[in-house]
Every structure is written in C-alpha cells, then in structure tokens.
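Some notes on the structure that comes next.
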Amino acid sequence: LGTVSAVALAFSASAALADDCDDGEMIIKFSHVVAATGHPKGDAATLLAERVNKEMNGKACMRVFPNSTLFDDDKVLEALLLGDVQLAAPSLSKFEAYTLKYRLFDLPFLFSSLKSVDNFITSDNGKALLTVMEDKGYTGLGYWSSGLKQFSANKPLLVPSDAKGLKFRIQTSDVAQAMIEAMGGSAQKLAFKEVYGALQTGVVDGQENTWSNIYTQKFFEVQDGITETNHQLLAYLLVTSTEWLDGLEPDFRDQFLKVVDDVTMEANAAVAATEAKNRQNIIDAGGTVRELTPEQRAQWVETMKPVWTKFEGDIGKDLIDAAVASNE
Ligand code: LMR
C-alpha cells in the first residue's frame, strides 16, 4: 500500500469504528428533524447516545439521525411501529392522529414560563399523559421541552391584526390552525424541512417557532423580523414503540430507562440557556427581534382566548385547570 492509501484506509477504518456497533449490541436508532447541535433536541439526543454508548457498552449501541435525514415527523411514527427506528421525539403537536389530549400543550398562552412547563410535566397529570397512546402502540418515555414559540413574518407583527391576510406555516395541529384564524390569517400545515423554502419563495408569509429553530434553520434570514410573543409551547414526546419496550430484557430496560430519565432532566434544565443564546445569535447575525409592550401582549392573549373554549371538550377542563395551576 502507498502512504496515501494506507492513510485513507486508516481514516476510513477509524470513521467506521466511531460509528459502528459491536456484535451482540442492540442497535437503537433515533431519528429527529432538527439541528444536531446547538438545539435543545439535537443536544439532548447527542447526550442520550453518549450516555447509552458509554454506560451500556457491549449491550446497546445508539445511533442518532438528525435533520430529517432518515424520516420526517409523520413518517417516523410509522417507522417506530415497523421497527425501522426505536426512538423519536416529534413535537406534541404531531400526535393528533393518535390522541386529542395533547392539544392541551398547544393552547396559546397556557404556560407562562419554562419553569411552569417543568412543573406540569413532572406532575401526576403530566406523567399520566405519557401513556395515553399505548393502545396505538406508543409509549412516551419523557417530555423534552424546547422553548416557547415566537411569530415571524415578511412584515412587522406588533398586534394580532398585523397578521390579517397573511399565510403562516404551522405544524400538523388544529389548535395552531384555530389560533392563526383567530388572528385573521390563514394556516398551511407543512413538514419542518420544507419551512425555509416555503418562506423564501413566498409560499407562506410567516411561521411560528422557538428561537433555536428560527436560528438553526435560518428562518430569520428570509423574514422581516421576529416578534417575541412567547405564545405557545414547543415540547417533544420522547417516544418509542410499546412492543419494543415490553420486549426488552428487564435489567436492560431498567438501565436504559434510568439513563433516559437522567438525560431528560439534564436536557430540560439546559433549554432556557440554549434558547437565550439562540435569540442572541439571531440578533448578532443581523436578524430583527421585536419586543411587545404589555398592552400589545394583552391584545395577543385576548385574541387567542376563544381557542381554549374550542378545544376544551377534547382535552378536558380539569386537565386545562391543572396546567394553568402549574404557572407560578
Ligand atoms: C416544527 O415542525 O416546527 C417542530 O416540531 C420541529 C421540531 O422538532 O422542533
């Protein structure tokens, strides 16, 4: 072998080693749609893989596929049931076909802060919602919070009526649709990976997402500005197939679930800082961030209030009250 090909061989061997699983290890594939780093979900997935690969070495091997490289959110839920992946973390808005209870999390201005979100997801009511889809074959392993959402558009948005006549990309969520319609806009459900192109070409005028998604997907580059509305939660369900989970050997399952719980706590504790950093990253990169006066904010809250009534029957008033009570 010449030196060059020997080096090339050594390089490809080490790249393969870094990525490859050993014989006898259970392969756990985790597919998600966001950036691999600098994002609450990307970082949490990486941390989970690091911990599993270290602490369960010889037993388990986790591979993470970020950025919609393997599946987007509607396909990944089918892939879980087919055994093509073992873990996913779609946002709670993406489970409408399986449960209407998660509409709770989409109610506009429900949670006043990430601390309130934490209070609710760690409460008995929050934990009970992890298993509501077991009859459909899915078990939630935990909630990964991602931040509160902000609106952006191709024109300044200061009060809800500024959105009149504009078309917004939304996730597959009827609550989000009702919210946009309450503002006098129209909503289009699009997969996450299509949002940048849709904003750039004018297929839609605006969107709503967290600072981390707006920064890592560069949405701010193709929008007039972002309005700090904090109007809705973005959180994920770390989800697996109930059949896969039930089929694990008990010791393996206990160890795996312990790692999942640790990582979930650590990841949720880091969200606020990552979000603040990405808000600043947008400003540093030349993006415009608009803050609301208390009077302007009150208009957004007032405009969206009817959305709660519309979905109260699907969610249950008691559950809504419990979530409200988690605000401090
Ligand atoms: C979206 O579709 O906007 C988000 O759910 C993407 C994500 O996973 O953060």
Legend entry - Candidates F109, F120 - the one that is over 24 Å from N67 (Cβ atoms), assigned to a helix (DSSP H, G or I) and of a type in the set (F, W, Y): F120
Inset, instruction - Among what's in the range 66-86 and is surrounded by 18 or more Cβ atoms within 10 Å (Cβ to Cβ) and assigned to a loop (DSSP other than H, G, I, E, B), pick the residue that is farthest from the ligand (Cβ to nearest atom). - result: Q86
Inset, instruction - Determine which member of the set V195, V203, V271, V289 is surrounded by fewer than 20 Cβ atoms within 10 Å (Cβ to Cβ), β-branched (V, I, T), in contact (Cβ under 8 Å) with a residue 12 or more places away in the chain and within 16 Å of the ligand (Cβ to nearest atom). - result: V203
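Yes/no matrix, rows are residues, columns are (1) farther than 22 Å from L80 by Cα; (2) charged (D, E, K, R); (3) surrounded by fewer than 17 Cβ atoms within 10 Å (Cβ to Cβ):
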{"residue": "T210", "(1), (2), (3)": "yes, no, no"}
{"residue": "T227", "(1), (2), (3)": "yes, no, no"}
{"residue": "T242", "(1), (2), (3)": "no, no, no"}
{"residue": "Q255", "(1), (2), (3)": "no, no, no"}
{"residue": "T264", "(1), (2), (3)": "no, no, no"}
{"residue": "K277", "(1), (2), (3)": "yes, yes, yes"}
{"residue": "I282", "(1), (2), (3)": "yes, no, no"}
Legend entry - Considering residues of the range 109-118 that are within 16 Å of the chain's Cα centre (by Cα) and surrounded by fewer than 23 Cβ atoms within 10 Å (Cβ to Cβ) only, the residue farthest from the ligand (Cβ to nearest atom): D118
Inset, instruction - Could you grab me the full set of residues in the range 87-108 that are surrounded by fewer than 20 Cβ atoms within 10 Å (Cβ to Cβ) and away from the ligand (no atom under 16 Å from the Cβ)? - result: T99, L100, K101
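Throughout, read-outs are computed from the coordinates displayed, never taken from laboratory work. Note that the coordinates shown come from a computational prediction; the quantities given were computed from them, not determined experimentally. Positions of Cβ are generated from backbone atoms using ideal geometry, with glycine treated the same way; all protein chains shown enter the neighbour counts.
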